[in-house]
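The values are calculated or read from the model by the stated rules, or taken from the named source; none is laboratory data. Since the model is a prediction, treat every value here as computed from it, not as a measurement. Note: ideal-geometry Cβ built from the backbone for every residue, glycine included; neighbour counts use all protein chains shown.
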Ligand code: BGC
């Protein structure tokens, strides 16, 4: 069964168990389901909470731990099924369309806010299209994350005798060998499916370029999925995995980030929410740590846009709380402070154009410059591992193949490519 039909079942069940009206607080309340629970992420979401509360509304925190959000999505689906969805939930990419088609998202709540705040002119079309359903905003985008980053501890590199950040896969492996030889973890990593696939998509991008990446993960083109280049990507993935922390099983991404921050490991492949941990630890970009595009992906930008979707509510006060949250979320003050804490960049194009003036650090300035440039060249591609490129069903099929592959040193790259194509085709 595809995810659309699964969501359709959610809707029919939701009509059997009608929405339970939440007791209204004086000025309305908003429950927000999200998965921002690491130290850095919490610092970021607390900014939104504080502003909504300052505006007189009650914030009900619906945090569900688990990086990448798959646990949060499971919780959200079961709540929707029980007829008790929250007012707002972190939902991203094509999934927004699926939720939109269930009729549970509100196409009314954000109408006026979007007009008053001129959202259409503030956002690039790729972004506004993602958060609209049937031509109406059903979610507010809060930031842009870049996924294809490599995080480096320069002190550790120095101790291992590595002179510069790698720019090719060969240099990456050479750096990894030197780190291992000095007893460091070369590549900090958490062995969870979404983290494995974050690494996989970087490697695919490096080997196949933005065009090949798009054919594989956006178009789901069978000949690309089974082609020679994909086999090469799996071959490189196997090599990359030899540099991963051997004790990675089940490790959370922020614990892996801490290994690099604390000088136990040299590198981590992770989106720039990893920067939130460096920031929370008081470290400075360009000085205490380096952010570079994963080798071979300098001309590409895999984007991951966090957005908060609004559910249909009956209570007018609670709707007012949703509207307040949405207005705050795209306001300039919030966009700046949130992204500085979160490691992302603002989603407002007017802000992307003046990142240095706004006081953003070197990593964020590079991200903004690359986002705008790569939008013009085709280098800007949606992240598969972060729900931006495909449905959750297809993503889940990819996750399974990739994680099994990484954990089996005997696995054959050729077979993995054909398993990938098969798994995707049955999940479509
Ligand atoms: C989300 C980020 C989050 C990260 C780790 C990504 O999918 O977009 O906001 O920080 O997962 O949980």
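Overview of values
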| read-out | value |
| --- | --- |
| Filter result (assigned to a loop (DSSP other than H, G, I, E, B) and away from the ligand (no atom under 16 Å from the Cβ)) within region 144-164 | 153, 160, 161, 162, 163, 164 |
| Considering residues of region 187-208 that are touching a strand residue (DSSP E or B) at 6+ places or on another chain (Cβ under 6 Å) and surrounded by fewer than 24 Cβ atoms within 10 Å (Cβ to Cβ) only, the residue nearest to residue 173 (Cα to Cα) | 199 |
| Test: residue in region 135-143 that is assigned to a helix (DSSP H, G or I), free of Cβ contacts under 8 Å to residues at least 40 places away in the same chain, under 24 Å from the mean Cα position of the chain (by Cα) and more than 30 Å from residue 65 (Cβ to Cβ) | no |
| The one condition in (1) farther than 27 Å from residue 49 by Cβ; (2) buried (at least 18 other Cβ atoms within 10 Å of the Cβ) that residue 177 fails to fulfil | (2) |
| Residues that are farther than 22 Å from residue 305 by Cβ and either within 12 Å of the ligand (Cβ to nearest atom) or at pLDDT below 95 (or both), drawn from region 20-42 | 20, 21, 22, 23, 24, 25, 26, 27, 39 |
| Check on residue 110, away from the ligand (no atom under 16 Å from the Cβ), buried (at least 17 other Cβ atoms within 10 Å of the Cβ) and either within 22 Å of the chain's Cα centre (by Cα) or in the same structural domain as residue 259 (by TED's automatic domain parsing) (or both) | no |
| Single residue of 375, 324 found to be assigned to a helix (DSSP H, G or I), closer than 30 Å to residue 217 by Cα and either more than 13 Å from the ligand (Cβ to nearest atom) or not assigned by TED's automatic domain parsing to the domain that holds residue 126 (or both) | 375 |
| Residue count, region 286-313 (criterion: away from the ligand (no atom under 16 Å from the Cβ), within 25 Å of residue 92 (Cβ to Cβ) and touching a helix residue (DSSP H, G or I) at 6+ places or on another chain (Cβ under 6 Å)) | 5 |
| Test: residue 254 is within 16 Å of the ligand (Cβ to nearest atom) and surrounded by fewer than 23 Cβ atoms within 10 Å (Cβ to Cβ) | yes |
| Subset tally (residues that are in contact with a helix residue (DSSP H, G or I) (Cβ under 9 Å, 6 or more places away or on another chain), part of a helix (DSSP H, G or I) and buried (at least 17 other Cβ atoms within 10 Å of the Cβ)) for region 46-74 | 9 |
| Filter result (touching a residue at least 24 places away in the same chain (Cβ under 8 Å) and either touching a strand residue (DSSP E or B) at 6+ places or on another chain (Cβ under 8 Å) or in a helix (DSSP H, G or I) (or both)) within region 217-236 | 217, 218, 222, 225, 226, 230, 231, 232, 233, 234, 235, 236 |
| Residue match in region 345-367 (condition: in the same structural domain as residue 128 (by TED's automatic domain parsing), touching a helix residue (DSSP H, G or I) at 6+ places or on another chain (Cβ under 6 Å) and at positive phi) | no |
| Candidates 413, 382 - the one that is in contact (Cβ under 8 Å) with a residue 12 or more places away in the chain and surrounded by fewer than 18 Cβ atoms within 10 Å (Cβ to Cβ) | 413 |
